[in-house]
Every structure is written in C-alpha cells, then in structure tokens.
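Here's the structure we're looking at; comments come further down.
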Amino acid sequence: MSNDRHDSTSNAPSSNFLRGIIDNDLAAGKYANRTDANGHVLPQVITRFPPEPNGYLHIGHAKSICLNFGLARDYAGRCHMRFDDTNPEKEEQEYVDTILDSVKWLGFDWQHESQDHLYFASDYFDQLYAMAEYLITSGHAYVDSQSAEEMAANRGNFGEPGKNSRFRDRPAAESLALFRHMKAGEFKDGEHIVRAKIDMASPNMNMRDPAIYRIRHAHHHRTGDKWCLYPMYDYAHPIEDAIENITHSICTLEFQDHRPFYDWLLEHLAEGGFFKKPLPQQYEFARLNVTYVVTSKRKLRQLVEEGIVDGWDDPRMPTIVGLRRRGFTPESIQLFCERSGVTKSDGWIDISSLEGCLREDLDPKAPRATAVLKPLKLIIDNFPEGETVECTSPVHPHFPERGVRTFPISKELWIEADDFMEVPSKGYFRLYPGNKVRLRYGYVVECIGCDKDAEGNVIAVHCNYFADSKSGTEGSANYKVKGNIHWLSIAHALEAEVRLYDRLFTDPNPDAGGKDFKSVLNPNAKEVVTAYLEPGMSKAMPDEKFQFERHGYFVADRVDSKAGKPVFNRGVTLKDSWGTR
C-alpha cells in the first residue's frame, strides 16, 4: 500500500484513469448505436451508483457518488440510482430515504431526458430467478446440499485447491426441481444453496463455484414475504448492470478479484440470449481513505448504539448527514473528491484537505459575523451611562456590494477572555493595564485595570475610550495601535449555544493494525459553550452558514435551531491548527 499524502493546498488537476478508458471507448464507438427495449437510442456512457440500503452513506460513498454521477454528466450520459436490496435482514426504508436525500443534497439526480432512473435489485427478482433456472438447465449451476461446514472445508485456500462437492454432478433436472422447491419455501435457511459451476481448483477463490442463491426466510422492505430465496450480491449485481444497459460499472478495488465472475456470468447469459453484446465492463479504483475517521458501517453503528456520538447525523461523524449538519457544503465535498483523484493505488488523504476545501468554498460565500465564545466583561468607565452608538462593518470584506451590518456599542461589552492579560507575555498586543487597542469597528480604548473574585480570577476589565477615535471618522487616523479586538454590547448581544467540534479521533489511522478505535477517541471532539453573537444573528435560518470573525466557519444547526434562537455548530476553524499539535 502506498503512503502517499495529498497536499491539501494543491490546485493541480487530479488524475482520473477512467476518463482515458471512456475516451477510448467513445473513439472506438464501443457502445454506439445501442437502443433500449422501446427503440430509443442509448447514451454511450451509462454509469450507476448502487448502495445497499443497510446504513447511512459516508465520505467514502461521496467519492463514488461524485465519480459515477460526475462522469455521466461530463460525457452527456446518465447515471442510474440503484439499490442493491438483496439482503432483507439488514435493509430498511429509512436507509433508502436518507441515501436518496444525501445524493440529491450533494447536487446530483437520476433524471435523464425527463425519465426517472431509480431502480432496485428487487425490481428484477423474477428475472434473476429465471436466469438462475437457465444456468441450472444449461449445466452452469447446481443445487448444493452440503452443510456450511462441509462447504468451507472443501473450498480450499490460497495454497490448496478446493474439492468438488458430492452434489456437483447432480442431474440438472434434479437441481431445477430442488430450486423450485426452495422457492416454494419447503426448506429451512441453509438447507440448500445454488452455486455456479466453474472451477474448484481456480487460483481465484471467487471462481470456486460461488454461491448465487441462498434461502432466507426474511421479510423484505419492498417485496414483503413474496420471496424466501434471495440472490447473492455477486450474482445480482452484474445482471442488474446488463438489464440497465450500464456501460462502465465502477467499483472499488476490493471487487477486482470478483471481476472474472462478473464477466463469466454475463458471457453465459449472453449465450443464452438474455443480453446483447457489448456487455457492461467492470472497472476498479482505489477507495477513499481519509485520516482521523473510520468508515466501517459496523464501527459507525457501534459509535451510535453505544452513545459515543449523538446519532448518525452527529457533526463528528463522517456520514454525509453528519458532514451536512456540521456545515460542510456539497461544493466543498465535490471539490475534495475531485482533488483526491481516481487511481488504482491505495493511499491516504489527510482530513485537512477536506477541511481546506470547506474553507475555500465558504470564504467568498459566507457573510461575516462577530461572536464572543469565551466572554469576559469589559467596562468603558468614561462612556456615557445609558448611551449607545451605532457601529458598522461589511457583510463581506471583499464584496462591498453586499452591504453593511450594524450593531451598537455601549458602556459594558463582552470581549474574548484571551484578549486580556494582567501581566502580558512578550509580543502580546491586546488589552493589559496601560495598553491601547482598537475595538474593531469602534473606538480606541486604554486599559486601566481589572476586577477579580475571591479566588483571584479576573471577572471584569476596565478601560477608558477616546471619543474622537471611532472607526470611519477623521479622528481615527490619529491613533496608532497594534491590537484590534472583537466585542459585543452586553445589553444587545444574542446569547446562543455554540458547539465547537473537532476531529473524533486523535490517531490519524484509528482502526489500522487491529487497534481498538475507541481507545483513541478525542475527548475534546465536542465542546458546548454559551456564546454571545451580534444581535442580527437572531434571524439566522437553519443550515445558514457564517464566518464568525477570528473563530472559523459556523452553521445554524438544522435540527436544534428555533425561530429567533439559533444553535450554531463549528464546521472548521479559520486555519488548520492540527499541523502545530
């Protein structure tokens, strides 16, 4: 495995070997002049995104979504949205719904020329069954009645060929009769199984008479109890591709050894007249491996079920719903997937690249706002009691046409606790006794002291202001100060819950090498603070994103925000702080 690290700041074009393959196929006219069952000319590029509806999509799935839908878009083709729902015990409508929502949110759909291309493997159960009957009658499959233990023992290993089942030469008529009795529900789970008849001595374990049908007395979320016999994924998937006229069947590298069976199956079904050539072709690319996350569905489910996170959409989760709730945008995820490239070699992408894409996307988009996350009171002793003065600042410093925002300054303000030191360290330019700073967009003030509680903690800072120093006035030019700090009027600031999220794990490879991923959980991955925001933020709508000046990019939580009382999640800080840890 490669240890390549992709530079999060690189703007170089990413590599994508699949584009070369498609370009060659188009030049050769490989899939030209094909028509569907209604005589309509088919696009020369048809891809598909085929998740199993047994969990929530994560950042790795986003790569496949962007790749399959993106290639179809770029080559004037179409991409099918297909659910491989062949495992009824683990599949639910909830997962179907969230997957469809996630794909749409990422910016893609399955419409092409006003036609909907949403499919389910369960749509094809009758056809899949009929093709299995053909394989049995033509001598390419058989019903095996070995126990699971016998099958495992006879399969062999990488250094030893497998052994033929004693049922391998069962007459086709007998296998067909058994298969029909299996369909009728006359056997228990595991009592019989249907296997392709290929080569038990093949060096590729996937070609050693792979199972194509098994008995499962389980309720299916779409077909109910109609079936007690379900196709295996490796059998159903290539057939679904062929039925849907897929041209380029793109999957991750772990399916590379499954490709010979994919080709074997479609070739034999084409011989039987089920499909016309050219047949779909499978291509494999390296999956997206991102540092500081786990993407195993089992481990993600464990995090949810054990209450380590607050659900599948917890902003610390690498799920698409979690990333969305944290404030990631579809554009930032698309940019990240594009920059990660499409190769045949495994490597790791540092999560800082994903975070950098969010900063890059939001910097020109996000309106600015002032927030104080760790409040400390600042009292302007010589400011007139009960008075306020309006201050203005740009909605976005680089786009003056977006206008200004206004907020008042008064005698008592909130400032960040970090902006005062009673005894300053070297190079500290903010508030300390005797020093002057500018209140951003407001006045220059001079610190004159502080109040402390019985334990010696600073509870308030005192200063005097210079009435002729207001930002934007002629007098402001007369004051030269090095410090410039944020502030909010206590009487006018909006109190709000703000959640400061960080990486869920402290280890860049939390589940590598068999380690316990829970042992490297980051205890500081979530911090909830009562913060103060400029008054206009009371109008923030769920999913609306802002740059809190100095602190980072934040989003109004789409679940817990209420009218006039938004809750904010930090998506990412303004700079990558992990590089210095």
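The values are calculated or read from the model by the stated rules, or taken from the named source; none is laboratory data. Here the structure is a predicted model, which means the values were calculated and not measured. Quick reminder, even Gly has a Cβ in these numbers, built from the backbone with ideal geometry, and neighbours come from all protein chains shown. The area values use the complete protein model at the heavy-atom level, side chains included, leaving out ligands, DNA and RNA. Shrake-Rupley method; radii C 1.70, N 1.55, O 1.52, S 1.80 Å.
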**Prompt:** Would you pick out the residues in region 119-150 that are under 30 Å from ARG222 (Cβ atoms) and without any contact (Cβ under 8 Å) to a residue 40 or more places away in the chain?
**Reply:** ASP123, ASP126, ALA130, THR137
**Prompt:** Among the residues of region 300-350, how many are open to solvent by 30 Å² or more (accessible area, probe 1.4 Å) and at positive phi?
**Reply:** 1
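Rundown of residues vs (1) in contact with a Leu (Cβ under 7 Å, 6 or more places away or on another chain); (2) part of a helix (DSSP H, G or I), yes/no style:
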position	(1), (2)
GLY60	yes, yes
LEU71	yes, yes
VAL103	no, yes
TYR129	no, yes
TYR142	no, no
**Request:** Would you be able to say whether some residue in region 440-457 is within 29 Å of ALA540 (Cβ to Cβ) and either of a type in the set (Asp, Glu) or surrounded by fewer than 20 Cβ atoms within 10 Å (Cβ to Cβ) (or both)?
**Result:** yes
**Fill in**
Filtering region 533-543 for residues that are at negative phi, part of a loop (DSSP other than H, G, I, E, B) and surrounded by fewer than 21 Cβ atoms within 10 Å (Cβ to Cβ) leaves a count of 2
**Item:** Residue within region 270-286 that is in contact with a Phe, Trp or Tyr (Cβ under 8 Å, 6 or more places away or on another chain), among the hydroxyl-bearing types (Ser, Thr, Tyr) and touching a residue at least 24 places away in the same chain (Cβ under 8 Å) present
**Value:** no
**Item:** Positions within region 101-148 being among the hydrophobic types (A, V, I, L, M, F, W, C) and surrounded by fewer than 18 Cβ atoms within 10 Å (Cβ to Cβ), in sequence order
**Value:** TRP105, LEU118, ALA130, ALA148
**Filtered residues of region 267-298 (kept if under 20 Å from ASP350 (Cβ atoms) and open to solvent by 30 Å² or more (accessible area, probe 1.4 Å))** = ARG287, TYR292, THR295, SER296
**Complete:** In region 193-206, residues that are open to solvent by 20 Å² or more (accessible area, probe 1.4 Å) and not acidic (Asp, Glu) total 8
**Prompt:** Does region 509-532 hold any residues that are modelled with pLDDT of 95 or more and on the phi > 0 side of the Ramachandran plot, and which are they?
**Reply:** none
**Request:** Residues being within 20 Å of the chain's Cα centre (by Cα) and either touching a residue at least 60 places away in the same chain (Cβ under 8 Å) or within 20 Å of ARG324 (Cβ to Cβ) (or both): count how many of those fall in region 54-90.
**Result:** 22
**Request:** Test GLY107 against the stated conditions and say whether it is farther than 30 Å from PRO43 by Cα, small (Gly, Ala, Ser) and either over 40 Å from the mean Cα position of the chain (by Cα) or at pLDDT 95 or above (or both).
**Result:** no
**Fill in**
Output for Cβ contacts, cut-off 8 Å, separation at least six or different chains, first residue open to solvent by 20 Å² or more (accessible area, probe 1.4 Å) in region 544-555, second of a type in the set (Ser, Thr, Tyr) and outside any strand (DSSP E or B), reads LYS545/THR329; HIS551/THR573
**Item:** Unmet criterion (only one of (1) open to solvent by 70 Å² or more (accessible area, probe 1.4 Å); (2) touching a Leu at 6+ places or on another chain (Cβ under 8 Å); (3) of a type outside the set (Phe, Trp, Tyr)) for LYS188
**Value:** (2)
**Request:** Please determine, by comparing only the residues of region 556-581 that are assigned to a strand (DSSP E or B) and without any contact (Cβ under 8 Å) to a residue 60 or more places away in the chain, which one is most open to solvent (accessible area, probe 1.4 Å).
**Result:** LYS562
**Item:** Cβ-Cβ under 7 Å pairs, at least 6 apart or on other chains, region 20-47 side assigned to a helix (DSSP H, G or I), far side aromatic (Phe, Trp, Tyr)
**Value:** ILE21/TYR283; ILE22/TYR75; ASP25/TYR31
**Item:** region 503-524: number of residues that are surrounded by 19 or more Cβ atoms within 10 Å (Cβ to Cβ) and either free of Cβ contacts under 8 Å to residues at least 12 places away in the same chain or assigned to a loop (DSSP other than H, G, I, E, B) (or both)
**Value:** 3
**Asked** What is the one condition in (1) polar (S, T, N, Q); (2) crowded, with 20+ Cβ neighbours inside 10 Å; (3) under 20 Å from VAL372 (Cα atoms) that THR406 does not satisfy?
**Response** (2)
**Prompt:** What residue, among those in region 152-167 that are open to solvent by less than 70 Å² (accessible area, probe 1.4 Å) and under 26 Å from LEU269 (Cα atoms), is nearest to the chain's Cα centre (by Cα)?
**Reply:** GLY162
**Asked** Can you spot a residue in region 243-266 that is open to solvent by 40 Å² or more (accessible area, probe 1.4 Å), over 30 Å from SER352 (Cβ atoms) and among the acidic types (Asp, Glu)?
**Response** yes
**Prompt:** Out of region 411-435, which residues are under 28 Å from GLU474 (Cβ atoms) and either out of contact with any strand residue (DSSP E or B) (no Cβ under 9 Å at 6 or more places or on another chain) or buried (at least 20 other Cβ atoms within 10 Å of the Cβ) (or both)?
**Reply:** LEU413, ILE415, ASP419, LEU431
**Prompt:** Given the conditions (1) in contact (Cβ under 8 Å) with a residue 40 or more places away in the chain; (2) surrounded by 13 or more Cβ atoms within 10 Å (Cβ to Cβ); (3) not in a helix (DSSP H, G or I), and given that ARG170 satisfies all but one, which numbered condition is not satisfied?
**Reply:** (1)
**Subset of region 380-428 (residues that are among the aliphatic types (A, V, I, L, M) and part of a loop (DSSP other than H, G, I, E, B))** = VAL395, MET421, VAL423
**Prompt:** Restricting the search to region 261-282, which residues are closer than 28 Å to CYS66 by Cβ and in contact with a helix residue (DSSP H, G or I) (Cβ under 6 Å, 6 or more places away or on another chain)?
**Reply:** PHE261, TYR262, LEU266, LEU279, PRO280, GLN282
